[in-house]
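Okay, structure first, notes after.
The values are calculated or read from the model by the stated rules, or taken from the named source; none is laboratory data. Keep in mind that what you see is a predicted model, and the values were worked out from it rather than measured. Heads up, the Cβs are rebuilt from the backbone with ideal geometry, glycines too, and the neighbour counts pull from every protein chain shown.
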Amino acid sequence: MNQVSDFGNSIADLHNSAGRITRGLESIVAAIDNIAEDNAQFINDPNSAPAGAEGDAIRELLSNIRKQIAEVVDHGHSFESKIAKYSNDLTDLTRQLDQSKKAAMLDPITGIGNRRRFESSLKDILSHLTDFNGKVSVLLADIDHFKNVNDTLGHTVGDQVLRLVASNFVSNLKGGDVVARWGRR
């Protein structure tokens, strides 16, 4: 949840940076609009501005424009860095979400689908029953006396038995078949 909160704060920072960039650009445009066309030659050479108050105003204006352009460039770099970071954060969060979704559908002991995966698959299959000519089979298998295996030999051996049985089912799957573990230990 912390990453989500940080991501939200990052988005706010991004928005603030964009606002600063926009305000900087607006200031530049306003400053440029204030320069008369006949003074345009002073943009490249501020020292060629006439002497006196008018020349001082032109030099100051050009200096301010250069400062604002530098600020916009700095904000632009900051903006690009933040965008890259947010993009990486989003990629990481998406990857983590995908991994979590996959893990939520797998039995942690056997690595095959779990009850949730089975129910989802069955729902999909039943919704496309016409693709199977209206015929679907469900095989439910139970390991007799499995509780005794866990109780007498331990859960480690019981887990090995579950993995072996799951492996046998998986090795015999055909296209479109689904294998899942319904129960717990």
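Considering region 128-165, the residues that are modelled with pLDDT under 90, assigned to a helix (DSSP H, G or I) and of a type outside the set (A, V, I, L, M, F, W, C) include one that is farthest from Leu106 (Cα to Cα), namely Thr130. Name every residue in region 132-151 that is surrounded by 10 or more Cβ atoms within 10 Å (Cβ to Cβ) and acidic (Asp, Glu), in order of residue number. Selection gives Asp151 alone. Total residues in region 54-108 satisfying the condition of being under 30 Å from Ala166 (Cβ atoms) and assigned to a helix (DSSP H, G or I): the figure is 11.
In region 58-82, the residue that is farthest from Ile21 (Cα to Cα) out of those that are exposed (fewer than 14 other Cβ atoms within 10 Å of the Cβ) and hydrophobic (A, V, I, L, M, F, W, C) is Ala70.
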